[in-house]
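Asks: Provided herewith is a single structure, encoded as structure tokens, for subsequent inquiry.
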Amino acid sequence: MTEIFDAIKKSAIDIKNLIETGDTSKSTNENSTGDTQLKLDIASDEIIEAIFKNVSCIKAIVSEEQEKIVPLNENGKYLIAYDPLDGSSLVDVNLSVGSIFGIYENDFTGNNLVAAVYVVYGPRVELVIATDDVKMYRLINNEFKFMQELKLNEKGKLNAPGSTQNCWAPFHKKMIDEIFEDGYRLRYSGGMVPDLHQILLKGGGLFSYPGTTDRPKGKLRQLFEVFPFAYIYEKANGQAIDGFKRALEVETTHIHDTTPCFFGSNEEIKKVLKVYKENAK
Ligand code: P6P
């Protein structure tokens, strides 16, 4: 699996350069979930796919930006689902963005994840690899240097409340008040990767992206976004749920399925589970 991590590191350096110089305008296409694609999305996807094509242990890949699974090596062991540039529209306002990779065996389901990686493109480029533990590396002089292991405290201090204003669950606002009664700092940039990275680095809290009135099944994609971060948060002594059960146990019927999701420290996740159990009909 090391050659996959090395390939991701190489793609990160190329995508960093692309972000600094790339065309951030819209392309004329939409991706599989109906999002308008930026030229950055397509270019990032092309960088990653070209690099993965040279890694013999990869059996197949699927990108959030493409409709279908791309077979690579018949005898390969791993399947990779990736979001090449999550939150790409934030580049135009100079906020951090990221790439997300789920590494699966046998099939693209939550419980078949064997590793997960993300890259944050911000004031610094940082890369996090989760296998049995969660390790963070920083790009220094074009090399990724190990910086630290990431672990979540039992209870945190940060709240990243995605889409709470239009959550389908009428009790959601009560939940937010109940969980955050002793005061948390609001940290939400609209970029899942930097928002979840910050909670990991600052020791914990809660990131929510529940189902909404217009998207009751949530906005964030299972294979490319939710499962990799769920794997990472569980390996960092935290949890990830859909409101009722482990996010990694959510059933996938189509590769572009979404799911409501909550990522965080144990104390906060316990409260979300309690409120949903008591209120959701
Ligand atoms: P909203 C970015 O488009 C993204 O997919 C995630 O990175 C982010 O957490 C979410 O959407 C933001 O969604 O509805 O708050 O703009």
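Asks: In region 201-223, which residues are of a type outside the set (G, A, S), away from the ligand (no atom under 13 Å from the Cβ) and crowded, with 24+ Cβ neighbours inside 10 Å?
Replies: Selection gives L206, L223.
Asks: Among the candidates S27, S96, single out the residue that is touching a strand residue (DSSP E or B) at 6+ places or on another chain (Cβ under 8 Å), more than 25 Å from Y233 (Cα to Cα), surrounded by 15 or more Cβ atoms within 10 Å (Cβ to Cβ) and among the hydroxyl-bearing types (S, T, Y).
Replies: Selected residue: S27, the only one of S27, S96 that is touching a strand residue (DSSP E or B) at 6+ places or on another chain (Cβ under 8 Å), more than 25 Å from Y233 (Cα to Cα), surrounded by 15 or more Cβ atoms within 10 Å (Cβ to Cβ) and among the hydroxyl-bearing types (S, T, Y).
Asks: Answer yes or no as to whether F262 is within 22 Å of D35 (Cβ to Cβ), within 16 Å of the ligand (Cβ to nearest atom) and touching a residue at least 24 places away in the same chain (Cβ under 8 Å). Please lay out each step first, then the result.
Replies: Details: within 22 Å of D35 (Cβ to Cβ): no; within 16 Å of the ligand (Cβ to nearest atom): yes; touching a residue at least 24 places away in the same chain (Cβ under 8 Å): yes.
No: the conditions fail for F262.
Asks: Please determine whether any residue of region 253-269 is over 18 Å from G162 (Cα atoms), surrounded by 19 or more Cβ atoms within 10 Å (Cβ to Cβ) and among the charged types (D, E, K, R).
Replies: Within region 253-269, not a single residue is over 18 Å from G162 (Cα atoms), surrounded by 19 or more Cβ atoms within 10 Å (Cβ to Cβ) and among the charged types (D, E, K, R).
Asks: Looking at A50, A12, which is the one that is among the small types (G, A, S) and crowded, with 20+ Cβ neighbours inside 10 Å?
Replies: Going through A50, A12 in turn, just one is among the small types (G, A, S) and crowded, with 20+ Cβ neighbours inside 10 Å: A12.
Asks: Sticking with this structure for a sec: Examine region 169-180 for a residue that is small (G, A, S), closer than 30 Å to T212 by Cα and surrounded by 16 or more Cβ atoms within 10 Å (Cβ to Cβ), and state whether such a residue exists.
Replies: yes
Asks: Contact list please: Cβ distance under 6 Å, first residue in region 244-257 and hydrophobic (A, V, I, L, M, F, W, C), second residue in a strand (DSSP E or B), pairs at least six apart or on different chains.
Replies: A247/A240; A247/I241; A247/C261; I255/V62
Asks: Quick one: in region 127-138, which of the residues that are touching a helix residue (DSSP H, G or I) at 6+ places or on another chain (Cβ under 7 Å), of a type outside the set (V, I, T) and surrounded by 15 or more Cβ atoms within 10 Å (Cβ to Cβ) is farthest from G102 (Cα to Cα)?
Replies: L127
Asks: Looking at A230, A240 in this structure, which one is buried (at least 23 other Cβ atoms within 10 Å of the Cβ), assigned to a strand (DSSP E or B) and of a type in the set (A, V, I, L, M)?
Replies: After applying the criteria, what remains is A240.
Asks: Quick one: in region 181-197, of everything that is touching a residue at least 40 places away in the same chain (Cβ under 8 Å) and surrounded by 20 or more Cβ atoms within 10 Å (Cβ to Cβ), which residue is nearest to the ligand (Cβ to nearest atom)?
Replies: Step by step, filter region 181-197, then rank; the result is M192.
Asks: Another one. Give me the pairs: first residue in region 96-123 and among the polar types (S, T, N, Q), second residue assigned to a loop (DSSP other than H, G, I, E, B), beta-carbon distance under 7 Å, and six or more apart or on different chains, which are they?
Replies: Cβ pairs passing all conditions: S96/G122; S96/S189; S96/G191; T109/T252; N112/N106.
Matching residues to (1) out of contact with any Asp or Glu (no Cβ under 6 Å at 6 or more places or on another chain); (2) within 13 Å of the ligand (Cβ to nearest atom); (3) among the small types (G, A, S); (4) at pLDDT 95 or above:
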residue	(1), (2), (3), (4)
D86	yes, yes, no, yes
G102	yes, no, yes, yes
F108	yes, no, no, yes
V117	yes, no, no, yes
G122	yes, no, yes, yes
E126	yes, no, no, yes
D132	yes, no, no, yes
K151	yes, no, no, yes
E154	no, no, no, yes
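Asks: Could you check region 156-168 and list, in sequence order, the residues that are within 21 Å of the chain's Cα centre (by Cα) and either surrounded by fewer than 20 Cβ atoms within 10 Å (Cβ to Cβ) or at pLDDT below 80 (or both)?
Replies: Scanning region 156-168 gives K157, T164.
Asks: For residues in region 227-242 being in contact with a Phe, Trp or Tyr (Cβ under 9 Å, 6 or more places away or on another chain) and touching a residue at least 60 places away in the same chain (Cβ under 8 Å), which is nearest to the ligand (Cβ to nearest atom)?
Replies: Among those that are in contact with a Phe, Trp or Tyr (Cβ under 9 Å, 6 or more places away or on another chain) and touching a residue at least 60 places away in the same chain (Cβ under 8 Å), it is F229.
Asks: Within region 23-74, how many residues are free of Cβ contacts under 8 Å to residues at least 24 places away in the same chain, under 21 Å from T109 (Cβ atoms) and in contact with a helix residue (DSSP H, G or I) (Cβ under 8 Å, 6 or more places away or on another chain)?
Replies: 3
The values are calculated or read from the model by the stated rules, or taken from the named source; none is laboratory data. Fair warning: this is a prediction, and the values are worked out from it, not measured in the lab. As a convention, Cβ positions derive from the backbone with ideal geometry for all residues, glycine included, and neighbour counts pool all protein chains shown.
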